[in-house]
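Chemist: Submitted below is the structure of interest, expressed as C-alpha cells.
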Amino acid sequence: MIVRSMTQDSNNLISFLGYLVINILIIRNKLTKFTQHVNDEVYTMQLIRSNHEARKRMVKSYELMLDFYGMTLIDEKTGHLQLANNWRKRQENMNKLNS
C-alpha cells in the first residue's frame with residue numbers, strides 16, 4: 001500500500017528509500033559496536049583467567065560484593081555460595097533502601 005502510493009511520486013519514493021538506508025546504517029553501526037563490546041569482554045575475561053594475580057583480585061572483589069548482600073563464597077571453583085552470619089542485617093538494609 002505505501003509502496004504503491006509512493007511509486008506515483010518519485011520524490012517520496014527517493015525520500016523513503018533514503019530513510020531506509022539511513023536506518024539500516026544506524027542498525028549496522030549499533031550491531032558492530034555491540035559485537036566489538038562483546039569481543040572486548042571476552043578478551044578481558046581471557047586475560048583475567050590467564051593472569052593469576054588478576055584472578056585473585058577478581059575473586060576478592062566478588063567476595064566483597066557477596067558480603068554486601070550477606071553471602072559467602074564457599075567454593076571458588078564451583079561458585080557455591082551460602083548465607084553469611086550477617087545476612088539478616090544485610091537484608092534489612094536492602095529492604096530499607098527499597099521502601
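Values quoted throughout were computed directly from the atomic coordinates according to the rules given, and no laboratory measurement underlies them. Keep in mind that what you see is a predicted model, and the values were worked out from it rather than measured. All Cβ positions, even for glycine, are placed from backbone atoms using ideal geometry, and neighbour counts span all protein chains on display.
Chemist: I need the calculated FRET efficiency for the pair residue 37 and residue 63, taking r as the beta carbon distance and R₀ as 35 Å, to the nearest 0.05.
Modeler: 0.85
Chemist: Follow-up question, since we're still on this one. Viscosity 1.306 mPa s, temperature 10 °C: Stokes-Einstein D of the stretch 52-99 from its Kirkwood Cα radius, in µm² per second?
Modeler: Answer, rounded: 137 µm²/s.
Chemist: Ok, one more. Which far-off residues, 5 or more places away or on another chain, put their amide H under 5 Å from the one on residue 81, with H placed in the peptide plane?
Modeler: Close amide H contacts, sequence-distant or interchain: 74.
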